1. Within the range 73-89, can one find any residue that is without any contact (Cβ under 8 Å) to a residue 24 or more places away in the chain, among the hydrophobic types (A, V, I, L, M, F, W, C), open to solvent by 50 Å² or more (accessible area, probe 1.4 Å) and assigned to a loop (DSSP other than H, G, I, E, B)?
2. Show the residue pairs meeting these rules: Cβ distance below 6 Å; 6+ apart or different chains; first residue within the range 28-40 and crowded, with 19+ Cβ neighbours inside 10 Å; second residue part of a loop (DSSP other than H, G, I, E, B).
3. Looking at Thr50, Thr42, Thr36, Thr46, can you tell me which residue is at pLDDT below 95 and under 17 Å from His107 (Cα atoms)?
4. Which of the residues belonging to the range 49-63 are open to solvent by less than 40 Å² (accessible area, probe 1.4 Å) and under 11 Å from Asn29 (Cα atoms)?
Amino acid sequence: MSGQPRDDKNAPIPVLSLRPATGQKINFNNSSQRSTEFASSTRVITVFATKNAFIEIGNSSVTANQTNSHFIGANIPYDFSLGDDTISADTFKFLAVIRDSEDGVIHISERE
């Protein structure tokens, strides 16, 4: 039996709850900024940026750049998988962000 919420027909709704007290707000500019470390059991993060940005997800030395990092559009929530138990525990524990053309804010929510 699934521990997920259920719809009117008692079918599981595939959604992860927000991990309490783990939201991050990062002001980003023309130099790469890095999040704090995600909890070891976090498998998904939800990301929302106020301005267009480029991101990378990786270990404690991850950086983002405007050349070949991943573009995310402003004002759109994105969900990203951090992998599963087969991936090294420190592989996807941080998010790095850099602006496209304007400074902004990125909000990160850990999901469990």
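The values are calculated or read from the model by the stated rules, or taken from the named source; none is laboratory data. Since the structure is predicted, the reported quantities are computational estimates derived from the model, not experimental observations. All Cβ positions, glycine included, derive from the backbone under ideal geometry; neighbour counts span all protein chains shown. Note: accessible area is taken over every heavy atom of the protein model, side chains too, but ligands, DNA and RNA are not part of it. Shrake-Rupley method; radii C 1.70, N 1.55, O 1.52, S 1.80 Å.
1. Among the residues of the range 73-89, at least one is without any contact (Cβ under 8 Å) to a residue 24 or more places away in the chain, among the hydrophobic types (A, V, I, L, M, F, W, C), open to solvent by 50 Å² or more (accessible area, probe 1.4 Å) and assigned to a loop (DSSP other than H, G, I, E, B), which makes the answer yes.
2. Ser32/Thr63; Ser32/Ala64; Phe38/Lys93
3. Only one candidate passes the filter, namely Thr42.
4. Those that are open to solvent by less than 40 Å² (accessible area, probe 1.4 Å) and under 11 Å from Asn29 (Cα atoms): Ala53, Phe54.
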